[in-house]
1. Considering only residues that are surrounded by fewer than 23 Cβ atoms within 10 Å (Cβ to Cβ) and closer than 14 Å to residue 117 by Cβ, which ones fall in the stretch 181-192?
2. Tally the residues that are outside any strand (DSSP E or B) and within 11 Å of residue 224 (Cβ to Cβ), restricting the search to the stretch 307-332.
3. Kindly state which helices (runs of 4 or more DSSP H) lie completely within the stretch 192-296 and contain at least 1 residues that are not assigned by TED's automatic domain parsing to the domain that holds residue 7.
4. Please determine whether any residue of the stretch 159-180 is surrounded by fewer than 20 Cβ atoms within 10 Å (Cβ to Cβ) and assigned to a helix (DSSP H, G or I).
5. From the list 107, 120, which one is assigned by TED's automatic domain parsing to the domain that holds residue 159 and in a helix (DSSP H, G or I)?
């Protein structure tokens with residue numbers, strides 16, 4: 001198994017720490033570092049910064065919010081980062097949700113699957129170096145209606161990249177199917193490996209429709225990695241973050257994280273946490289997150305417990321594991337990451 005890490009969606013306040021984290025993770029053998037965007041930093045600029053600080057580690061967006069950039073700008077930025085990093089860039093995209101897309105960006109959150117499909121189509125045209133002419137529901141290139149009529153179908157001015165893999169962050173069955181059909185990789189979340197088939201079966205079906213198999217899709221899922229003898233205290237510490245995801249990351253009508261946990265056997269619990277959160281009862285919502293939900297979606301405990309959970313991910317076909325090493329300081333996080341890399345090596349050796 002390989003290991004990936006991420007910077008998270010929170011504001012970056014110490015860029016030297018970020019640089020050190022990436023450099024030391026590269027030395028430990030981490031495969032990829034992913035950046036995120038919500039309503040703090042954008043997803044691309046940190047990768048440009050890290051591209052000149054590192055040499056081997058892959059650099060990916062998890063995720064670039066669709067609709068916030070034109071498809072051509074998505075492709076142009078991806079090609080620039082791919083060149084800057086000497087071919088290490090991975091383009092991860094996703095629809096985000098209506099609260100961010102409409103509340104922060106002021107863009108209608110309409111038919112996200114159809115928009116995703118068109119963006120990927122256009123980006124792939126550009127990656128192939130083709131003259132860009134496209135007639136879609138969201139994008140007409142050159143612009144047909146509402147423009148001056150002077151638009152021209154253009155060819156990319158930059159040379160085509162050798163290989164920029166496209167990843168989709170997807171949770172719902174239709175989006176998962178499209179991931180298998182169109183993408184090189186999957187960025188998963190809200191995932192319990194015991195219920196892996198709920199996610200992987202639609203991806204497999206989409207891949208097979210295009211003559212591929214599930215083995216052709218890079219399946220990336222992960223969670224917090226926390227070496228501890230006090231599992232109960234760790235679970236209590238992590239409940240607020242999970243309550244925020246299933247209670248606040250979306251509206252009552254659209255919360256993809258909540259929906260994913262409902263499909264995996266926590267329907268009543270997920271609804272109740274969301275109800276309490278939206279009613280303003282935040283402390284009660286956090287308390288109602290089941291311990292099993294926290295333990296199932298993270299790696300918590302001593303070395304043997306973490307090994308046992310990692311084997312379940314491995315046997316489900318997840319690779320790489322996207323680790324969020326727990327620690328109060330950068331040194332602590334790197335220490336956790338180093339210990340986890342040893343566990344991964346041992347679990348990989350077992351399979352071999």
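1. Result: 181, 182.
2. Looking only at that region, the number is 2.
3. Values: elements: 197-209, 231-248, 256-261, 267-278, 282-287, 291-296.
So the answer is 231-248, 256-261, 267-278, 282-287, 291-296.
4. For the stretch 159-180, residues surrounded by fewer than 20 Cβ atoms within 10 Å (Cβ to Cβ) and assigned to a helix (DSSP H, G or I): present.
5. 120
Yes/no per residue for (1) crowded, with 21+ Cβ neighbours inside 10 Å; (2) farther than 28 Å from residue 173 by Cα:
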{"residue": "75", "(1), (2)": "yes, no"}
{"residue": "78", "(1), (2)": "yes, no"}
{"residue": "81", "(1), (2)": "yes, yes"}
{"residue": "84", "(1), (2)": "no, yes"}
{"residue": "98", "(1), (2)": "no, no"}
{"residue": "111", "(1), (2)": "no, no"}
{"residue": "130", "(1), (2)": "no, yes"}
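Here is a yes/no grid of residues against (1) more than 19 Å from the chain's Cα centre (by Cα); (2) free of Cβ contacts under 8 Å to residues at least 60 places away in the same chain; (3) outside the structural domain of residue 325 (by TED's automatic domain parsing); (4) loosely packed, with under 15 Cβ neighbours inside 10 Å:
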residue: 35; (1), (2), (3), (4): no, yes, no, no
residue: 38; (1), (2), (3), (4): no, no, no, no
residue: 46; (1), (2), (3), (4): no, yes, no, no
residue: 50; (1), (2), (3), (4): no, yes, no, no
residue: 54; (1), (2), (3), (4): yes, yes, no, no
residue: 60; (1), (2), (3), (4): no, no, no, no
residue: 63; (1), (2), (3), (4): no, no, no, no
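The values are calculated or read from the model by the stated rules, or taken from the named source; none is laboratory data. Being a predicted model, the structure only gives us computed values, none of them experimental. Reconstructed Cβ throughout: ideal geometry from the backbone, glycine too, with neighbour counts over all protein chains shown.
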